[in-house]
Amino acid sequence: MILRTANLTKQFGGLRAVDAVNLEVKEGTIHSIIGPNGAGKTTLFNMLTGEIPPTRGEVHFQGKNITGLKSYQIARIGIGRSFQQNSLFKNLTVLENVRLAAHIHLGGHFSFLRDFRSYLQPIQQAQKILEEIEILDLADQKAGELSHGAQRALEVALALAADPALILLDEPTSGMSPDETIRMIRLIRKLARQRTMIVIEHNMNLVWSISTTITVLHQGQVIATGTPAEIGEHAEVRKAYLGGYSE
Amino acid sequence: MVEKALGKKKPLVDKEILLFAGLLLLLPFVLPFKSLPAEILIYGLGAVSFNILLGYTGLLSFGQAAFFGGGAYLTGILLIHLGWHPGIILILSGLIGAVFAAIIGYLSIQQVGIYFVMLTLAFNQLAFFLAYQWKSVTGGDDGLMNVPRPDFSILPGLKIPIQSNTEFFLFVWVIFVVSFVLIRRVIHSPFGRILLAIRDNPNRSRAVGYNITLYKLVAFVISGFFTGLAGGLFALFMKMVPITAIELLTSTDFIVMTLLGGTGSLYGPVIGAIVTKIASEILSELWARWLFILGVIFVAFVLFMRGGIWGLGVASWNKWKKGQKEALS
């Protein structure tokens, strides 16, 4: 078990956005979290990555209790994330975006006596990631000047950059054109082969084709967890969320 | 590809630095005002140090005069009462600037945006009132008078004179250039790149694993060190420490110089210092309300030329080069 939550809860005033969620993510699997808008998916993510503190409950990562750690500490112990809304270093080049994210787990990122270009390892790591994400040809462009699709890809690259043990992707295909979506689905399938990921996604095509496990959230609560086949058969899930969507 | 995306690796000293240092060396020859060149470099150092915070980390600090004044008062007091070697005193003036910056910075970066700005401003006022009230040590309103400027001895019997305008300018020039080289190295280091990342997107910097509070604090300490050093030089330059050295107006001087010159590079603030100091010298002769003119120029730049003088220069240069290329093809 790489990640486990116990009764994880977030209360916003009168609203219980996430309600006693117990999540178990196995190493080497792709675990999708689905649910209608407002189901608490992103709030759950934000608690896993320390962006917001939980009201109650605990998060365990690789056997350690990481509840209450700050987001930068959680990033450092090996959880990388992407955001639903692009959050990039817009004025810096694509390569520099990924290099910055890669350098954190390599030596010398707090040095101020040598030129940053003397540290080759983070640069090579960044190039490797860009090649994998298939945007190496955009390396010298400013992140803010990329197309939306390329920005979404860079968003994923930043999550992967520091070689984390667990990757959280928050709606990687959001706002994409049909063409871009197809490319992103192909990309995530490729990435999924050798990584452990938790993915929030609305695109059912993507969810059904990559997931080992699916958890369905509804009004902050887990209403089902299982393999794609099990979830497809689940009567309550079909009623609450899928409707006529699954075949 | 890497070079196009990240730029060329910069050695500690290169042609760019030599050209820049050489041009600054011309200041006493082209300016008719005798003591102005040294003053320009002192303020230039303060403005460059401020730009580490504004231009590279995105922190608008109104607390710079506390570091500048701290360095100036410490230098004055040590020279008057203990008469230590000015080299040691100048290093100490940098250190006290760094300590003040660590305290004010630590307390201010707990907040962001306008609250951060107001905190730095409030701490600067606090430092000012301390200097104002503590008359026995600082001279209060009258300033700290009669600060000696001893020669700079290197070996027993070998002294570098720093008495005349030219001698003192050269002394300041050496310290300025060394400081500038070091600051440029910091800006191009992995640490400096993280500052840029924080300016661009603090949330993402945190999400990829950087403790941005710590980085901001270290940026403050580095800025405080060089600002304190500039303050120490200022005490030697004036042979006294006026209360204005620690006043909020001195903080705004650095801000105006930096915004006017341009925040996008380390050269911008120096150009801003040159332009404002020369302009104030000329305009104050012509019209008693000269600050008004400077204010209008400043507003025009902030409204219409966000890159400052340096940004304007770079843009025109690129345009000209593009024109040349098109004419050739």
Return yes or no: is A:Asn86 under 15 Å from B:Ser205 (Cα atoms), at pLDDT 95 or above and either at the interface with chain B (Cβ under 10 Å from one of its Cβ atoms) or out of contact with any strand residue (DSSP E or B) (no Cβ under 9 Å at 6 or more places or on another chain) (or both)? no
From the option list B:Ala235, B:Ala273, B:Ala197, B:Ala219, single residue qualifying as in contact with a strand residue (DSSP E or B) (Cβ under 9 Å, 6 or more places away or on another chain), among the small types (Gly, Ala, Ser) and at pLDDT 95 or above is B:Ala235
Hits in the range A:51-75 (condition: surrounded by fewer than 14 Cβ atoms within 10 Å (Cβ to Cβ) and part of a loop (DSSP other than H, G, I, E, B)): A:Pro53, A:Gly63, A:Gly68
Do you know which of the residues in the range B:112-148 that are more than 20 Å from B:Leu249 (Cβ to Cβ) and in contact with a helix residue (DSSP H, G or I) (Cβ under 6 Å, 6 or more places away or on another chain) is surrounded by the most Cβ atoms within 10 Å (Cβ to Cβ)? B:Val147
Part of a strand (DSSP E or B) and either away from chain B (no Cβ under 14 Å) or out of contact with any Asp or Glu (no Cβ under 7 Å at 6 or more places or on another chain) (or both): is that true of A:Ile198 in this structure? yes
Being surrounded by 17 or more Cβ atoms within 10 Å (Cβ to Cβ) and in contact with a Ser or Thr (Cβ under 9 Å, 6 or more places away or on another chain) is the filter here; which residues of the range A:170-191 pass it? A:Asp170, A:Glu171, A:Pro172, A:Thr173, A:Glu180, A:Thr181, A:Met184, A:Ile185, A:Ile188
For the range A:54-73, state whether one or more residues are closer than 16 Å to B:Arg206 by Cα, within 7 Å of chain B (Cβ to nearest Cβ) and without any contact (Cβ under 8 Å) to a residue 40 or more places away in the chain. yes
Taking helices (runs of 4 or more DSSP H) that fall entirely within the range B:194-295, which contain at least 2 residues that are within 13 Å of another protein chain (Cβ to nearest Cβ) and of a type outside the set (Lys, Arg)? B:202-207, B:212-238
Quick one: is A:Glu132 assigned to a helix (DSSP H, G or I) and either of a type in the set (A, V, I, L, M, F, W, C) or facing chain B (nearest Cβ under 7 Å) (or both)? no
Counted residues in the range A:108-129 being touching a residue at least 12 places away in the same chain (Cβ under 8 Å) and more than 10 Å from every other protein chain (Cβ to nearest Cβ) come to 3
With a cut-off of at least 3 residues that are small (Gly, Ala, Ser), more than 14 Å from chain A (Cβ to nearest Cβ) and surrounded by 24 or more Cβ atoms within 10 Å (Cβ to Cβ), name the helices (runs of 4 or more DSSP H) lying wholly within the range B:1-68. B:36-57
Options A:Ile231, A:Ile167: the member that is over 24 Å from A:Met47 (Cα atoms) and either crowded, with 20+ Cβ neighbours inside 10 Å or not aromatic (Phe, Trp, Tyr) (or both): A:Ile231
Please enumerate the residues belonging to the range B:199-215 that are within 18 Å of A:Gly108 (Cα to Cα) and surrounded by fewer than 24 Cβ atoms within 10 Å (Cβ to Cβ). B:Arg206, B:Asn211, B:Ile212, B:Leu214, B:Tyr215
Limited to the range A:30-53, what total is found for residues that are among the polar types (S, T, N, Q), away from chain B (no Cβ under 14 Å) and touching a residue at least 24 places away in the same chain (Cβ under 8 Å)? 2
Could you go through the range A:140-151 and let me know if any residue there is at the interface with chain B (Cβ under 9 Å from one of its Cβ atoms), among the acidic types (Asp, Glu), more than 19 Å from the chain's Cα centre (by Cα) and over 10 Å from B:Pro190 (Cα atoms). yes
Only one of these conditions is not met by B:Val181: (1) surrounded by fewer than 19 Cβ atoms within 10 Å (Cβ to Cβ); (2) without any contact (Cβ under 8 Å) to a residue 12 or more places away in the chain; (3) under 22 Å from the mean Cα position of the chain (by Cα). Which number is it? (2)
Selection from the range A:150-172 of residues under 15 Å from B:Arg204 (Cβ atoms), of a type in the set (A, V, I, L, M, F, W, C) and not in a strand (DSSP E or B) yields A:Leu154, A:Val156, A:Ala157, A:Leu158, A:Ala159, A:Leu160, A:Ala161, A:Ala162
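The values are calculated or read from the model by the stated rules, or taken from the named source; none is laboratory data. Not measured: the values here are computed from a predicted model. As a convention, Cβ positions derive from the backbone with ideal geometry for all residues, glycine included, and neighbour counts pool all protein chains shown.
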